[in-house]
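Only one structure is covered here, and it is reproduced in the block below.
The values are calculated or read from the model by the stated rules, or taken from the named source; none is laboratory data. Computed from a prediction, not measured in an experiment: that's the story for all the values here. Because the Cβ atoms are built from the backbone with ideal geometry, glycine has one as well, and the counts that use them run over all protein chains shown.
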Amino acid sequence: DVKVTQSSRYLVKRTGEKVFLECVQDMDHENMFWYRQDPGLGLRLIYFSYDVKMKEKGDIPEGYSVSREKKERFSLILESASTNQTSMYLCASSSPGQRYGYTFGSGTRLTVV
Amino acid sequence: GENVEQHPSTLSVQEGDSAVIKCTYSDSASNYFPWYKQELGKRPQLIIDIRSNVGEKKDQRIAVTLNKTAKHFSLHITETQPEDSAVYFCAASSRSGGSYIPTFGRGTSLIVHP
C-alpha cells in the first residue's frame with residue numbers, strides 16, 4: 001500500500017507565523033500535490049510538483065509556497081499565516097501514468113488564531 | 001482550465017435504495033475520471049475510476065458511466081448500506097506537461113438511513 005504521511009494531524013498557529021506542513025510518501029511517486037479542503041468548496045489545488053525541485057501553481061497559490069528537495073517529501077509553507085488559511089490541508093501523490101489514482105494523506109487541520 | 005460540477009450536494013436515501021451522483025466537466029482533453037469516498041474524519045480513498053476509452057465500469061455495488069460527447073460521468077451505488085454514508089468526490093484529469101492534474105467536484109454528502 002502506498003503511504004502518504006502528513007507530519008501533524010492538528011496544528012494551531014498565530015497570525016503572522018511561518019508555518020510548515022510536511023508530507024512524505026514511500027512509493028517513489030513522481031507527482032505530489034497539496035490541496036485545501038473547505039466545507040462546500042471541495043478540494044482545491046494549491047500547488048503540485050512532478051519532480052524534485054519542480055513546482056507548479058494550482059488554483060489557489062496565493063499566500064503559499066512549496067518545497068521539494070527530495071522525491072519523497074513535499075512541504076507546504078505559509079509565509080505569514082492568516083485566519084483565512086484556517087482549513088484542512090491534504091497532501092496526495094501519484095505516479096505519472098496514474099494507474100492507481102491518487103493516494104491522500106490523513107490531512108492536517110490547521111487553525112490560525 | 002478544467003471545471004467540474006457535481007450534483008447533488010446532499011443525497012439522502014433509505015437503505016437498499018440506489019444512489020446516483022452526477023458530474024460534468026468542461027475540458028474535452030480530460031481522459032481520466034476517478035471517484036473518491038471520504039468518511040468522516042478520514043482521508044479520501046479511491047473507490048472506482050474510468051478512462052476515456054471506456055463507457056462503463058462496475059465493481060460489485062458501484063458503477064461509473066462516462067459520456068464523452070456530453071462531457072458527463074456518473075456514480076451509481078445500488079443496494080445502499082449505512083456504511084456507504086460519506087462524502088463522494090468526482091474528479092476529471094487532464095494532462096499538464098508530463099502529468100495528469102485532477103480537478104475535483106465540490107462533493108456530495110450521501111446519507112443512507114437504516
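Using the structure shown, decide if B:Asp49 is surrounded by 18 or more Cβ atoms within 10 Å (Cβ to Cβ), at pLDDT 90 or above and within 14 Å of chain A (Cβ to nearest Cβ). So B:Asp49 fits the description; yes.
In region B:19-34, the residue that is modelled with the lowest pLDDT out of those that are more than 9 Å from chain A (Cβ to nearest Cβ) and within 8 Å of the chain's Cα centre (by Cα) is B:Phe33.
Here's the yes/no breakdown for (1) within 14 Å of another protein chain (Cβ to nearest Cβ); (2) assigned to a strand (DSSP E or B):
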| position | (1), (2) |
| --- | --- |
| A:Leu45 | yes, yes |
| A:Val52 | yes, no |
| A:Pro61 | yes, no |
| A:Val66 | no, yes |
| A:Glu69 | no, yes |
| A:Ser80 | no, no |
| A:Ser93 | yes, yes |
| A:Ser106 | yes, no |
| A:Leu110 | no, yes |
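Looking at B:Val87, is it within 14 Å of chain A (Cβ to nearest Cβ), part of a strand (DSSP E or B) and closer than 24 Å to A:Gly58 by Cα? When the stated conditions are applied, B:Val87 passes them. If the condition is being within 11 Å of chain B (Cβ to nearest Cβ) and more than 13 Å from A:Leu11 (Cα to Cα), then region A:82-91 contributes A:Leu90, A:Cys91. Just give me the residues in region B:51-105 being within 13 Å of the chain's Cα centre (by Cα) and in contact (Cβ under 8 Å) with a residue 60 or more places away in the chain, in sequence order. Listed by number, the residues that qualify are B:Tyr88, B:Phe89, B:Cys90, B:Ala91, B:Ala92, B:Ser93, B:Pro102, B:Thr103, B:Phe104, B:Gly105.
Residues in region A:10-27 that are surrounded by 20 or more Cβ atoms within 10 Å (Cβ to Cβ) and within 14 Å of chain B (Cβ to nearest Cβ): A:Cys23, A:Gln25.
Can you find, within region A:28-38, the residue that is surrounded by the fewest Cβ atoms within 10 Å (Cβ to Cβ) among those that are closer than 15 Å to A:Arg109 by Cα and more than 9 Å from chain B (Cβ to nearest Cβ)?
Filtering region A:28-38 for residues that are closer than 15 Å to A:Arg109 by Cα and more than 9 Å from chain B (Cβ to nearest Cβ), the one surrounded by the fewest Cβ atoms within 10 Å (Cβ to Cβ) comes out as A:Asp38.
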